[in-house]
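This report concerns only the one structure given below.
The values are calculated or read from the model by the stated rules, or taken from the named source; none is laboratory data. No experiment lies behind these values; they were computed from the predicted model shown. Cβ sites come from the backbone with ideal geometry, for glycine too, and all protein chains shown count toward neighbours. These accessible areas exclude ligands, DNA and RNA; they are computed on the full protein's heavy atoms, side chains included. Shrake-Rupley method; radii C 1.70, N 1.55, O 1.52, S 1.80 Å.
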Amino acid sequence: MEREVSFCGWKAVKDRSKSLSENQEPKSGREYTMFHGAHLNNATTIINKGFIPSKDGMLGAGVYVSRNIDKAKCYPLNTDVNNKVVFKLRVRVGKVKKIDCDSHPLQKSWHSNGYDCAWVPPNSNISTIKSGREEDCVWDPSRIEVIGVACCVDNDKRRELRRLVRSKLKNKGSDCDLCHRDNSDEDHDIQQCWECKKQICPFQGKHVCKSRKFRERD
C-alpha cells in the first residue's frame, strides 16, 4: 500500500551551545553575538539612535566590533575604566570578507567589492593588532542592534542602561515573527527553506514543506 506524505523539513530542539568562538570564521548571512566598547557619555545616544560609523581605521570606514569581549573592553583607548561601557550586540554580518594580513588588497576596499563585513581572525598577520584578538568591521550600522550591557563599572548607570535597552527592544517588538519567542538574548538564524524557499527559524516547533511529496510504502 502506498500513500503520500508531506515532507517535513525538521523539528527543532533548542541549541544550548555557546556563540561562535572567535577563531571560527563567520558564515555570510548569519547573525552573531558581538561586543563594542564605548564612552559612557555616548551610551544613551547609541542605544536610542544606533552607531555612527568611524570614517577610517585599520579596515577603513565602518563600525568596529568583536566577538572577543576582552577586545571590546579595551575601547575607547586611553579612557578610564569608570568611563567605559561594553555593549552586547546582535550583528547581521551579511557577506563577509576575511582580512588576515598586512597590505591585503581589500583591506579598506572590501565594501566597494560587495562585502558587508570584514573579519580579522585571531593571531592574524596584521601588525597593528598587538593583542592578536579577533576583530570585525561592519559597514552599515543598521545591521547592528544593542541587546544588552555587558560591562559597566557604575552599578546605577548599568541598571539604567539595561532598562533602556529592554525598553527599546520591547517597543521595537523583539519577538521573532516566525517562532514568536523573545529573540533579545539568543541568535535566531533566519534562513530560507531549501525546498519551498519560505523563511524558517531554528526555534520553530517544526517546518512543514509542501513543495514535495514522498511516497511511503507499508
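Some values worked out for this structure:
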| item | result |
| --- | --- |
| Checklist (1) buried (at least 17 other Cβ atoms within 10 Å of the Cβ); (2) under 21 Å from Glu160 (Cα atoms); (3) not β-branched (Val, Ile, Thr) applied to Arg67, failing item | (2) |
| Residue within segment 195-210 that is buried (at least 17 other Cβ atoms within 10 Å of the Cβ), among the aromatic types (Phe, Trp, Tyr) and modelled with pLDDT under 80 present | yes |
| Subset of segment 92-147 (residues that are of a type in the set (Gly, Ala, Ser), open to solvent by less than 60 Å² (accessible area, probe 1.4 Å) and under 16 Å from Asp56 (Cβ atoms)) | Ser109, Ala118 |
| Selection count where residues are touching a residue at least 40 places away in the same chain (Cβ under 8 Å) and outside any loop (DSSP other than H, G, I, E, B), scope segment 23-71 | 24 |
| Single residue of segment 170-193 satisfying the filter (farther than 16 Å from Val91 by Cα and at pLDDT 70 or above) that is most open to solvent (accessible area, probe 1.4 Å) | Lys170 |
